[in-house]
Amino acid sequence: MGTPIILFGAFDRHNFGDLLLPHVVAAMLPAQDLVFAALAERDMRPHGGHQLRALAQLAADPGQRPAALIHVGGEILTCSAWQAAVMLLAPEQIDDTVAYLEDRPDERARWVRNTLGTTALAPYASSRQLFPDMARVIYNAVGGVGLDQCDPALRAEVLANLQAAADVSVRDQQTLAHLAGAGIGARLVPDPAVMVAELFGARIRRCSQEGEPAQTLKSFPQGYLAVQFSAEFGDDETLTQIAAQLDRLAASDGLGVTLFRAGAAPWHDDLDGLRRVAARMRARSVKVFNSLNLWDICAVIANSRAYCGSSLHGRIVAMAFALPRVNLRHPASTHQPSKQMAFADTWEEADLPAAVDVRDIAEGLRRALAVDPTQLQRTARQLVAQYRQGFDAGCAGLA
């Protein structure tokens with residue numbers, strides 16, 4: 001083993017995509033001495049993730065002289081320190097913590113700094129300042145769709161860190177345009193999760209043969225839809241609409257419905273919302289998938305007939321397995337920049353539905369299911385080739 005390479009990202013909390021990304025990058029760097037780092041020191045292995053070191057602690061270790069730091073991906077360019085700190089809380093701590101700190105700005109700033117171990121405004125976007133002797137900082141297919149709407153000081157910090165990086169690639173045209181406008185020459189590379197079927201297909205097939213994924217397949221021999229939505233869809237009216245739309249599709253197409261979570265960290269998915277949708281559905285062929293294991297989630301998507309949900313990485317894993325897919329759009333976010341739409345607009349063919357409102361779920365899924373499978377397979381192959389080429393260009397000399 002040579003000098004270690006730090007893989008850094010937001011995989012210190014339960015989010016499906018963030019947990020998956022370091023697996024992809026690690027598989028692309030075989031036989032390397034890799035250190036998995038995040039903002040918090042945590043053991044995410046029970047969920048299929050990694051044993052993590054805190055980046056600030058690594059930087060304070062006088063014996064730590066990494067060859068490179070690779071930001072493994074994700075929508076990290078717009079994540080503020082406050083958001084990062086809150087998402088590291090246990091769910092039962094959120095309401096009291098946020099309420100207490102809301103009107104105490106000085107105490108809030110100290111809490112954020114102590115929680116994260118850094119004064120950075122955008123702590124998941126790092127620079128060489130932490131490791132002055134390090135040769136390279138690499139941003140690998142990252143996202144920042146709303147960067148132009150961020151606080152000016154945060155945006156300036158992010159742009160300065162990107163300007164100093166050895167290589168920057170982004171996963172969508174909207175982020176690329178933001179950086180180009182700031183004079184930063186980034187490359188366009190698809191999200192690392194497009195590699196999941198190529199790199200981990202055999203592992204996911206094995207996972208499908210046991211536990212909850214196997215039970216799901218047995219429950220729906222006629223096939224099922226993999227459906228997910230974040231907590232922001234949790235009001236009664238929206239949940240009723242989701243249930244009605246899924247009932248329409250189940251009644252006409254004979255498919256089952258598996259409701260799953262793509263993240264259990266604060267502001268992600270809520271198990272109670274899934275249960276409330278299941279209770280509202282008339283169709284008997286509905287199941288709430290409880291597992292939060294990364295590979296179980298991959299399996300429940302990979303074995304489905306189609307994916308529908310609010311998660312970007314739910315969509316991307318469906319893309320990798322050449323499955324029909326459509327994202328859910330919340331009414332309140334219709335006019336806001338969306339990483340889901342930005343990614344679909346960049347990499348999907350024009351005739352595939354990108355995102356639908358909850359009242360249009362049935363029609364959107366029917367359109368997705370009608371797409372020629374050879375088109376879906378072609379897109380999956382192209383994305384693998386494009387990611388390999390982009391990763392090799394950005395990480396030349398490391399692998």
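Computed from point charges on the beta carbon alone (+1 for Lys and Arg, -1 for Asp and Glu), the dipole magnitude for the chain about its Cα centre is near 1060 Debye.
Extension gain, TYR100-ARG206: 0.36 nm per intervening residue step, less the Cα-Cα distance, totals 33.5 nm.
In this rough spin-label picture, where each label sits 7 Å from Cα along the Cβ direction, the THR374-THR3 distance is 5.1 nm.
Quick one: among ALA67, ALA251, ALA265, which has the greatest mean-square fluctuation in a GNM of the chain with alpha-carbon springs under 10 angstrom? Most flexible of the set in this elastic network: ALA251. In whole Å, what is the distance between the alpha-carbon centres of segment 260-298 and segment 111-139? Segment 260-298 and segment 111-139 have Cα centres spaced 34 Å from each other. Relative to the longest principal axis of the Cα atoms of the chain, helix 236-253 runs at roughly 60 degrees. Under the simplified labelling scheme, the ALA177-ALA332 pair shows an inter-label distance of 2.6 nm, with each label point 7 Å from Cα along Cα→Cβ. Net charge in the neighbourhood of SER127 (other residues with Cβ under 12 Å of its Cβ; Lys, Arg +1, Asp, Glu -1) is +1. Restricting the calculation to Cα atoms, every distinct pair contributes to the Kirkwood radius of segment 1-133, found to be 15.5 Å.
For HIS50, nonlocal amide neighbours, meaning residues 5 or more places apart or on other chains whose placed amide H falls under 5 Å from its own, are MET44, ARG45. Size estimate for the chain follows the Kirkwood approach: the inverse of mean 1/r over distinct Cα pairs works out to 21.5 Å.
Taking the DSSP beta bridges with both ends in the chain, the antiparallel portion is around 10 percent.
Distance between the modelled labels on ASN114 and LEU188, one decimal in nanometres: 4.7 nm (7 Å Cα→Cβ projection).
Taking packing as the residue-averaged number of other Cβ atoms within 10 angstrom, the listed peptides 141-151, 319-329, 125-135 run from highest to lowest as 319-329, 141-151, 125-135. Annotation: peptides 191-197, 281-287, ranked by per-residue average of other Cβ atoms within 10 Å with the highest first, follow the order 191-197, 281-287. As a rough guide to protection, the peptides 174-180, 51-57, 8-14, 232-238 ranked by mean Cβ packing within 10 Å, highest first, stand as 8-14, 174-180, 51-57, 232-238. Accessible surface of the chain, 1.4 Å probe: 47 percent of it comes from carbon and sulfur atoms.
Volume of the convex hull of segment 337-399 (Cα atoms only), normalised per residue: 108 Å³. Treating each Cα of segment 177-275 as one equal point scatterer and applying the Debye formula with no solvent, the log10 of I(q)/I(0) at q = 0.14 Å⁻¹ comes out as -0.80. Counted by Cβ distance under 13 Å from VAL326, the other residues give a net charge of +1, where Lys and Arg count +1 and Asp and Glu count -1.
Under 5 Å between amide hydrogens, built in the peptide plane, is the criterion, and for ASP12 it picks out LEU39 among residues at least 5 positions away or on other chains. Taking a ≥ b ≥ c as the square roots of the eigenvalues of the alpha-carbon gyration tensor, segment 221-322 is classed oblate because a/c is 1.5 or more while a/b is no larger than b/c. In segment 102-254, the convex hull through the Cα atoms has an average projected area of 15.1 nm², a quarter of its surface area.
The mean accessible area for residues of the chain, using a 1.4 Å probe and ignoring ligands and nucleic acids, is 41 Å² per residue.
With r defined as the distance between the Cβ atoms of GLN222 and ALA90 and R0 fixed at 35 Å, what FRET efficiency is calculated, to the nearest 0.05? Working from the Cβ atoms, E equals 0.35.
The values are calculated or read from the model by the stated rules, or taken from the named source; none is laboratory data. Keep in mind that this is a model prediction, so the values were computed, not measured. Cβ atoms come from the backbone with ideal geometry, glycine included; neighbour counts cover every protein chain shown. Note: areas computed on protein heavy atoms with side chains; ligands, DNA, RNA excluded. Shrake-Rupley method; radii C 1.70, N 1.55, O 1.52, S 1.80 Å.
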